[in-house]
1. Taking only segment 63-105 into account, find how many residues are part of a loop (DSSP other than H, G, I, E, B), at pLDDT 80 or above and not polar (S, T, N, Q).
2. Can you work out which of the residues in segment 1-60 that are among the basic types (Lys, Arg) and assigned to a helix (DSSP H, G or I) is modelled with the highest pLDDT?
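The values are calculated or read from the model by the stated rules, or taken from the named source; none is laboratory data. What you see is a predicted model; the values in this text were computed from it and never measured.
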Amino acid sequence: MVAKGATYTKWTTEEANRAATLWQKHFMERYGDDERSLAARNYALTIIARAIGRPFENVYNRHTYFGPTFASAKHRDSVAHHDALKEMERRREAAHRRTLTSSVFGDPPPGYSALDKRVGP
């Protein structure tokens, strides 16, 4: 819903792709699929808003409605890469190996912490 007298410009495919790339870089690589860190999520959305020149509220609403792709399925011009699908499956399987304590305290799944990335598998 747009306020009376306000104008709305549609998101371009380039904006959605740039937003998704920045989301991956500033949130997903640090926190994974866990969006419970509101401060971190809002920080990433602020970076995206500044980068593409849109208000924070606009970016926040877009992310809330469409998720981390920032684009509806009909606007996506490519299919997920095979490696990306495999990585998503690995993350999903790793999430099932989390303990109750790690889930409660928001620890990343096994193999996805900064220490695990530094040490290697």
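1. 5
2. Per the stated criteria, the residue is ARG50.
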